[in-house]
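Each remark here refers to the structure printed beneath this line.
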Amino acid sequence: MSRKGNVIRGIIILLIVLLIGYGGFKGFMAIELAGVPSTDIWMEDDAYHPDTVPRLAMTPGEDYRILVLADIQLESHPIKDRNALKAVRKMVEKTQPDFIMTAGDNTSWVFADIKTKQLIKVMESFGIPWGVTLGNHDAEGRADRIWHGNRYEDAEYSLFRSGPSNIHGVGNYGINLTNGNGEIVYSLIMMDSNVLRQYEEGEDYDFIYYDQIKWYEWMVRGVSEAEGRPVPSLAFFHIPLPEFNDAVEAWNSGKIDPADGFGETREGVFCPPFNTGLFSVMKDLGSTTHIFNGHDHVNNLSVDWEGIRMTYVQKTGRASYSDRDMLGGTLVTIADGTYDVKVEHIDLNR
């Protein structure tokens, strides 16, 4: 065969290989990983049993430190993913936390299932308790939301629970923090703020549903009744509530005392357009003192609003969009004895 013929044959073989590879890649992309739904069923008249809720114990004489990370967003970008995991390790090293929590969007894009396994491996390497909430990007790839919940729930040091299967979301669960006497001094309440929904005006961010709010009420009342006294709580979820928009407007217009907040907003508050009333319920019950969310990458405002401090957790990973001087995490310190809560951002690059 002539040289020209060999070249033509080589080109044909290359095209065949590329077509086969493309078909295989498409097939790989189309793999669907379905999780196993939780067997937990919740009813409003169920009795609350604190022994069924995971516990964290404060060490007598020491403050309790919770490191909260947000929007780590491992997205299959080799450099950004490596830097994000490096940032996670650096935050843990800098803060030496007793517990690590995330405020959602731990992973993103089509290979989020692979990235979730990678994140779990890193979190497990610290050998300390940790938990997550899911964000709107976590299950946008080949695996469904339940699958991701299964992976987090199965990890040895993870306190994540998929939660009741008969209410909206994956990852509605609680953790109780106890003192040296075994008394519950704070309840941590995690909720799934869900993903997207179709409104009359078009697609926008979903909300926390009424059944989730009823479950939240049950958790708050249940732990207080079990302890025979009001128990304060911290709430963690990904997408901010509409009231955060009101707080930001008041903060930016100077209507809030500067002593009642810190941080800034460099973009809008991308909350759901429909308010399901969770914030009002929180105020009425008087338990939740702090709300922590992620989602808006270049906002890190923390502000007291109508008796509840709402905090944007500082973004941890570089992926999607970010500002270099707004990367890191947020440290929540619960003081020994008084149980006062201090919130501060920990900058990655300082």
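Readers should treat all values here as calculations from the given coordinates under stated rules, not as data from a laboratory. Everything numeric in this text was worked out from a predicted model, so none of it was measured. As a convention, Cβ positions derive from the backbone with ideal geometry for all residues, glycine included, and neighbour counts pool all protein chains shown.
What is the magnitude of the charge dipole of segment 35-347 about its Cα centre, with +1 placed on the Cβ of each Lys and Arg, -1 on the Cβ of each Asp and Glu, and no other charges, expressed in debye to the nearest 20?
The calculation lands at about 1120 debye.
Take 86, 115 and order them by how many other Cβ atoms sit within 10 Å, fewest up front.
By the 10 Å Cβ count, ascending, the order reads 86, 115.
Per DSSP H run of at least 4 residues, take -39500 (n - 2.57); add these up for the chain, divide by its residues and hand me the 222 nm value, nearest 500 deg cm²/dmol.
So the helix-based figure for the chain works out to -10000 deg cm²/dmol.
Could you work out how far helix 78-95 tilts from the main Cα principal axis of the chain, as a 0 to 90 degree angle to the nearest 10?
Between helix and principal axis, roughly 20 degrees.
Which of 315, 94 comes first, and how do the rest follow, when ranked by fewest Cβ neighbours within 10 Å?
Going from least to most buried by this count: 94, 315.
In terms of the Cα gyration tensor, with a ≥ b ≥ c the square roots of its eigenvalues, is segment 108-228 rounded because a/c is under 1.5, prolate because a/b exceeds b/c, or oblate? Kindly include the intermediate steps, with their values, before the conclusion.
Numbers: a/c = 2.87, a/b = 1.21, b/c = 2.37.
Judged from the Cα gyration tensor, segment 108-228 comes out oblate (a/c at least 1.5, b/c at or above a/b).
Which net charge results for the neighbourhood of residue 337, defined as the other residues with beta-carbon distances under 11 angstrom from its beta-carbon, given Lys and Arg at +1 and Asp and Glu at -1?
Net local charge, residue 337 excluded: -4.
If the elastic network links every pair of Cα atoms under 10 Å, which of 290, 77, 168 fluctuates the most in the Gaussian network model of the chain?
77
Please name which of 108, 170, 66 has its Cα lying farthest along the dipole of the chain towards the positive end, using unit charges on Cβ (Lys, Arg +1; Asp, Glu -1) and the Cα centre as origin.
The Cα lying farthest towards the positive end belongs to 108.
When averaged across all projection directions, what area in nm² does the alpha-carbon convex hull of the chain cover?
22.4 nm²
Report the antiparallel proportion of the DSSP beta bridges in the chain as a percent, rounded to a multiple of 5.
Working: 29 of 55 bridges.
Of the beta bridges lying entirely in the chain, close to 55 percent run antiparallel.
Taking only Cα atoms, what is the 0 to 90° angle, nearest 10, from helix 112-125's long axis to the longest principal axis of the chain?
Once rounded, the angle reads 50 degrees.
At 7 Å along Cα-to-Cβ for each site, give me the label-to-label distance between residue 154 and residue 47 in nm.
Result: 3.4 nm between the two label points.
Which angle from 0 to 90°, rounded to the nearest 10, does the C-alpha axis of helix 145-154 make with the longest principal axis of the chain?
70 degrees
How many nm separate the modelled label positions at residue 62 and residue 266, each set 7 Å beyond the Cα in the direction of the Cβ?
3.5 nm
What residue among 191, 273, 317 has its Cα farthest toward the positive end of the dipole of the chain, where the charges are +1 on Lys, Arg and -1 on Asp, Glu, each on the Cβ?
My answer, from the dipole projection, is 317.
What does the C-alpha gyration tensor say about the overall shape of segment 233-339? Classify as rounded when a/c is under 1.5, otherwise prolate if a/b is larger than b/c, or oblate.
Verdict is rounded for segment 233-339.
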